[in-house]
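The values are calculated or read from the model by the stated rules, or taken from the named source; none is laboratory data. What you see is a predicted model; the values in this text were computed from it and never measured. Using ideal geometry, Cβ is built from the backbone for each residue, glycine included, and neighbour counts are taken over all protein chains shown. Each accessible area value is taken on the protein alone, full model and side chains, heavy atoms only, with ligands, DNA and RNA left out. Shrake-Rupley method; radii C 1.70, N 1.55, O 1.52, S 1.80 Å.
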Amino acid sequence: MSPLGRASIMCGIVGYIGKNNNPQLGLSALRRLEYRGYDSAGIAVFNPEKQEILCLKAKGKIDELEKKFSEARFSGSPFILHTRWATHGEPSEANAHPHCDCQKNIYLVHNGIIENYKELKEALITEGHKFASETDTEVLAHLIEKYSNPGQPLEDAVRHALKEVKGAYALAIISRNDPQKIVAAKLGSPLILGINQDEFLVASDPAAIVSHTRQVITLDDNEIAVLSPDNFFILKEKPIEKIEWEVEDAQKQGFSHFMLKEIFEEPEAIKKSIVGRMILEQGLAKLGGLEQVSEQLKKIEKVVIVACGTASYAGKVGEYMFEEYAKISTKLEIGSEFRYKNAILDDKTAVLAVSQSGETADTLEAIKEAKRKGCLCLGLVNTVGSSITRETDAGVYCRIGPEIAVASSKAFVSQLCILALITVFLGRQREMSLVTGKRILEELEKLPNLAKKILAQSDYIKDLAKKYSEYRNFYFLGRKYNFPIALEGALKLKEIAWKIHAEATPAGEMKHGQIALIDENFPVVCICPYDSIYDKMKNAMEEVKARKGKILAITTEGNEEIKSLADDVIYIPKTLEMLTPILSVLPLHLFAAYLGLELGLDIDKPRNLAKSVTVE
Ligand code: F6R
């Protein structure tokens with residue numbers, strides 16, 4: 001089994017070496033990784049005057065560390081930083097990184113998990129090492145100490161130490177005895193190097209360093225890099241890649257929260273996902289990433305979509321699209337379940353991983369399992385160069401820039417658009433007519449403007465969120481293409497407005513159980529655009545109404561009759577039935593965000609969550 005499969009801590013790490021002696025730079029970079037975890041943070045800096053490493057740690061978000069840092073104000077280079085999402089040991093100052101050896105010579109930050117830390121720790125204690133935390137990470141500092149010899153380079157001790165380690169790691173290490181370098185090492189957890197004139201960085205993801213440099217190298221598993229002020233060295237030659245998105249994409253740009261900014265970017269995300277990918281007159285989807293496996297795709301008899309959370313709801317919509325329009329048997333599988341259920345797969349099956357981060361351990365492992373079983377493995381991913389993109393045979397990028405808020409929003413609509421394009425791609429290889437292909441693409445092209453019309457109602461949706469903020473339970477209903485949107489509406493609400501509980505089922509399922517919940521205190525959000533199952537949705541609403549349930553309906557412009565059933569209505573523009581989720585989800589994202597704000601919550605960083613879930 002691969003290291004990522006076993007489990008790894010999320011967390012974010014940053015390291016810097018070069019001409020800039022102000023570690024504030026590192027704190028700004030670390031803030032961009034706060035989505036990876038935010039229960040404690042820390043920094044270690046080599047101070048050349050004192051010839052020692054100064055370390056600060058704080059429980060809580062990076063703000064707490066920043067407060068301490070602004071009092072201490074020490075300077076120097078290199079420096080390493082960490083933001084933590086606890087697994088081994090509670091969130092506390094002692095368990096926060098950086099961790100050090102007994103002599104306080106070696107400091108390191110770690111993202112991952114050391115699986116054999118108990119055995120290593122016991123042995124090190126027997127040898128006389130003193131531990132200061134409950135973490136698995138600290139064993140690494142003591143192991144490196146054990147293998148350090150005077151006059152020997154730090155990387156030699158690191159290399160020796162890592163031979164004994166089982167698990168996953170992305171590491172940045174500094175040492176007082178070899179101070180002009182950072183040693184970085186990777187196995188399982190992501191790690192990139194940033195290359196600039198007279199300065200080098202190391203980070204968990206490009207968002208942390210893009211304001212400094214766009215030249216990056218993605219480290220591969222088992223590689224060790226040595227960064228010095230004027231040079232860097234890796235065990236093997238690697239190409240330098242270029243980050244394509246702009247610094248502003250990772251900033252709030254006038255919005256109070258990334259979550260709001262990213263919801264308001266949904267029309268743009270739709271546009272970026274489809275532009276240049278349609279040949280309208282021929283009714284064809286032009287997906288360069290799939291062209292190379294086009295012949296294999298023609299022979300595919302079954303598609304399995306693997307994903308987790310919000311991405312799995314996009315996948316569920318994809319399942320409906322592929323079956324209805326591409327006429328391919330398709331099944332959405334939750335990543336964490338797929339690996340253990342012994343799915344029947346063969347070389348006539350394509351497995352498509354849908355993932356914003358491209359790092360979700362459950363989805364990644366599902367792809368590895370599919371690979372073992374001989375399937376064609378595809379990715380629908382936003383983050384360029386991420387683990388899933390490297391494990392798959394081919395795929396399509398979202399191209400929407402970084403998504404920073406922990407809860408996914410713009411990536412979701414992008415995934416839906418690309419699934420629609422893949423539907424046309426696969427469909428036109430099969431029975432889909434030119435007319436149908438053209439129709440889908442023409443309707444897709446209209447979506448950015450239609451989505452903007454929904455955003456124009458944001459004040460109204462904000463008022464609705466305020467009105468409904470007194471309720472603590474919500475039930476979301478949808479059918480067919482909008483059943484997954486009911487799931488997404490409920491997840492988003494309970495995630496970012498977490499004082500509220502919400503659940504969702506297909507509308508037809510309500511009468512089999514959940515109807516027992518309904519009364520005047522249990523609002524029901526009904527997603528009921530004017531489509532092939534509208535009348536069935538109306539029946540469900542009648543059933544809710546008969547039990548005095550409050551109804552907030554999302555329906556198509558011009559539907560006046562709904563007002564006799566619903567207490568409140570949000571209208572969305574008309575589009576093709578299979579594309580309605582791309583519009584109906586937008587008011588639900590806004591509703592959840594405004595409700596979270598109404599309840600005084602941090603909608604960018606909901607409690608207990610982290611963005612890249614690299615834990616199995
Ligand atoms: C919910 C949310 C999560 C992610 C899930 C998968 O708002 O963001 O449910 O969708 O953790 O993440 P990715 O898409 O990175 O694989």
> Would you pick out the residues in the range 486-499 that are more than 13 Å from the ligand (Cβ to nearest atom) and either under 16 Å from ILE582 (Cα atoms) or among the β-branched types (Val, Ile, Thr) (or both)?
Replying inline: ALA486
> Do we find that LYS499 is open to solvent by 10 Å² or more (accessible area, probe 1.4 Å), part of a loop (DSSP other than H, G, I, E, B) and either over 26 Å from GLU561 (Cβ atoms) or in contact (Cβ under 8 Å) with a residue 60 or more places away in the chain (or both) in this structure?
Replying inline: yes
> Scanning for something free of Cβ contacts under 8 Å to residues at least 12 places away in the same chain, open to solvent by 50 Å² or more (accessible area, probe 1.4 Å) and farther than 24 Å from ALA168 by Cα, does the range 72-93 turn up at least one residue?
Replying inline: yes
> Restricting attention to the range 173-192, which residues are part of a loop (DSSP other than H, G, I, E, B) and open to solvent by 10 Å² or more (accessible area, probe 1.4 Å)?
Replying inline: ARG176, ASN177, ASP178, PRO179, GLN180, LYS181, PRO190
> Quick check: anything in the range 252-265 in contact with a Ser or Thr (Cβ under 6 Å, 6 or more places away or on another chain) and not polar (S, T, N, Q)?
Replying inline: yes
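Just the residues that are aromatic (Phe, Trp, Tyr) and either at pLDDT below 95 or within 16 Å of the ligand (Cβ to nearest atom) (or both), please, taken from the range 301-360.
If the condition is that a residue be aromatic (Phe, Trp, Tyr) and either at pLDDT below 95 or within 16 Å of the ligand (Cβ to nearest atom) (or both), then TYR313, PHE338, TYR340 are the ones that fit.
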> Among the listed residues HIS129, HIS88, HIS110, which satisfies the condition of being modelled with pLDDT of 95 or more, in contact with a helix residue (DSSP H, G or I) (Cβ under 8 Å, 6 or more places away or on another chain), of a type outside the set (Lys, Arg) and assigned to a loop (DSSP other than H, G, I, E, B)?
Replying inline: HIS129
>> Any residue that is over 27 Å from GLN24 (Cα atoms), touching a residue at least 12 places away in the same chain (Cβ under 8 Å) and not β-branched (Val, Ile, Thr) - is there at least one of those in the range 196-217?
In response: no
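I'd like to know if the range 261-277 contains one or more residues that are within 16 Å of the ligand (Cβ to nearest atom), of a type in the set (A, V, I, L, M, F, W, C) and under 19 Å from the mean Cα position of the chain (by Cα).
Yes: one or more hits.
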> List, please: which pairs have Cβ atoms under 7 Å, are six or more places apart or on different chains, and start with a residue in the range 246-260 that is closer than 10 Å to PRO402 by Cβ and end with one that is of a type outside the set (Gly, Ala, Ser) and open to solvent by less than 40 Å² (accessible area, probe 1.4 Å)?
Replying inline: ASP249/PRO402; ALA250/VAL210; ALA250/PRO402; ALA250/ILE404; PHE258/ILE404; PHE258/ASP604
> Restricting attention to the range 407-420, which residues are open to solvent by less than 10 Å² (accessible area, probe 1.4 Å) and either within 15 Å of the ligand (Cβ to nearest atom) or touching a Ser or Thr at 6+ places or on another chain (Cβ under 8 Å) (or both)?
Replying inline: ALA407, SER409, LYS410, ALA411, PHE412, VAL413, SER414, GLN415, LEU416, CYS417, ILE418, LEU419
> In the range 387-406, how many are in a loop (DSSP other than H, G, I, E, B), open to solvent by 50 Å² or more (accessible area, probe 1.4 Å) and out of contact with any Cys (no Cβ under 9 Å at 6 or more places or on another chain)?
Replying inline: 1
> Any idea which of (1) open to solvent by less than 60 Å² (accessible area, probe 1.4 Å); (2) at pLDDT 95 or above is the one ARG472 doesn't satisfy?
Replying inline: (1)
> How do the pairs read when you match residues in the range 468-482 that are closer than 19 Å to LEU517 by Cα with residues anywhere that are part of a strand (DSSP E or B) and open to solvent by 60 Å² or more (accessible area, probe 1.4 Å), using Cβ under 9 Å and keeping only pairs 6 or more apart or on different chains?
Replying inline: ARG472/HIS501; ASN473/HIS501; PHE474/HIS501
> Which residue pairs have Cβ atoms closer than 6 Å, lie 6 or more positions apart in sequence or on different chains, and pair a first residue in the range 131-150 that is of a type in the set (A, V, I, L, M, F, W, C) with a second residue that is open to solvent by less than 50 Å² (accessible area, probe 1.4 Å) and in a loop (DSSP other than H, G, I, E, B)?
Replying inline: ALA141/ASP101
> Failed condition for VAL585, given (1) at positive phi; (2) within 16 Å of the ligand (Cβ to nearest atom), with all others met?
Replying inline: (1)
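Given the residues ASP604, ASP531, which is the only one that is open to solvent by less than 40 Å² (accessible area, probe 1.4 Å), within 16 Å of the ligand (Cβ to nearest atom) and of a type in the set (Asp, Glu)?
Only one candidate passes the filter, namely ASP604.
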